[in-house]
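Read through the structure below, which is laid out as structure tokens, and then see the notes.
The values are calculated or read from the model by the stated rules, or taken from the named source; none is laboratory data. Just so we're clear, the structure is a prediction, and the values are computed from it rather than from any experiment. Using ideal geometry, Cβ is built from the backbone for each residue, glycine included, and neighbour counts are taken over all protein chains shown. The accessibility values were calculated without ligands, DNA or RNA, using every heavy atom of the protein model including side chains. Shrake-Rupley method; radii C 1.70, N 1.55, O 1.52, S 1.80 Å.
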Amino acid sequence: MNNSRSFSAEEARNLLRRARAATLGTLNADDGAPYASLVNIATDVQGCPVILVSTLAWHTRNLLADPRASVMVAELPSAGDALTGTRVTVMGRFSKAEAARVSRRYLARHPAAEMYAGFGDFAFWRLEPERAHAVAGFGRIETIPAGEMFPSADEMIALEEGAVQHMNDDHEDAIQRYARKLLGAEPGGWKIAAIDPDGADLRRGEEVLRLPFSTPVYSGGALRSLLAKLGEHTKG
């Protein structure tokens, strides 16, 4: 991993984690011209982008013809030059994903999508990244290899669902404290909907909050230790 980057792979990955919408770039099936569209976005445990799209959409027809694509997410300043905001573009190839593997995490970010996620003409697609290009203002521009931005997370993938259930079943009070003391929300009714090496998604109805971790965790022991520390930190 390159620790001397002006915009680190971890920063770029967390920008992707926080995003709820992205610009999707595909190649038109009829003439190969670039086509940009707006999509909702989530990430799998490893951090790879996941979208839910209809077969009626141009971008889906494009992906079926040529899976090469990119997604761009951005956090724009509230005023002034939009180009001073941070953004990251991830390039790679999309393929259809099994709903059982990605639907819970996607719906954790987009609860309203439950209305149509099961429709026959909708399907989940996952981007297999090849590289990323990140910009965070003047002098902070980096091209990042996929392996650096999306390191292996096999242990976290295996334990995520059990960890989510354990936290919701046995540590409800701690979750409410996370929401109130760390994220500034009113407590009550919050559940953990997804966990990954970089943080957790908290959900209450259609409200969604992102709880970032101070450092990535890639093992069950590291996750338990971090969540316990957060629980102690928010007591009192």
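Out of the range 141-161, which residues are touching a residue at least 40 places away in the same chain (Cβ under 8 Å) and farther than 19 Å from residue 17 by Cβ?
Scanning the range 141-161 gives a single hit, 141.
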In the range 81-103, anything over 11 Å from residue 52 (Cβ atoms) and either out of contact with any strand residue (DSSP E or B) (no Cβ under 7 Å at 6 or more places or on another chain) or among the hydroxyl-bearing types (Ser, Thr, Tyr) (or both) is listed as 81, 82, 83, 84, 86, 89, 95, 98, 100, 101
Filtering the range 37-64 for residues that are within 20 Å of the chain's Cα centre (by Cα), open to solvent by 30 Å² or more (accessible area, probe 1.4 Å) and more than 29 Å from residue 218 (Cβ to Cβ) leaves a count of 1
Would you point out which residue out of 200, 185, 179, 158 is of a type in the set (A, V, I, L, M, F, W, C), under 27 Å from residue 6 (Cα atoms) and modelled with pLDDT of 95 or more? 200
Identify all residues within the range 31-71 that are part of a loop (DSSP other than H, G, I, E, B) and basic (Lys, Arg); write none if there are none. none
From 105, 101, 87, residue being in contact with an Asp or Glu (Cβ under 8 Å, 6 or more places away or on another chain) and in a strand (DSSP E or B): 87
Odd one out for residue 6 among (1) open to solvent by less than 60 Å² (accessible area, probe 1.4 Å); (2) part of a helix (DSSP H, G or I): (2)
If you check 26, 84, which single one turns out to be in contact (Cβ under 8 Å) with a residue 12 or more places away in the chain and open to solvent by less than 10 Å² (accessible area, probe 1.4 Å)? 26
Taking only the range 183-236 into account, find how many residues are assigned to a helix (DSSP H, G or I) and open to solvent by 70 Å² or more (accessible area, probe 1.4 Å). 4
Picking from 142, 148, which residue would you name as being out of contact with any Gly (no Cβ under 7 Å at 6 or more places or on another chain), open to solvent by less than 70 Å² (accessible area, probe 1.4 Å) and in a helix (DSSP H, G or I)? 148
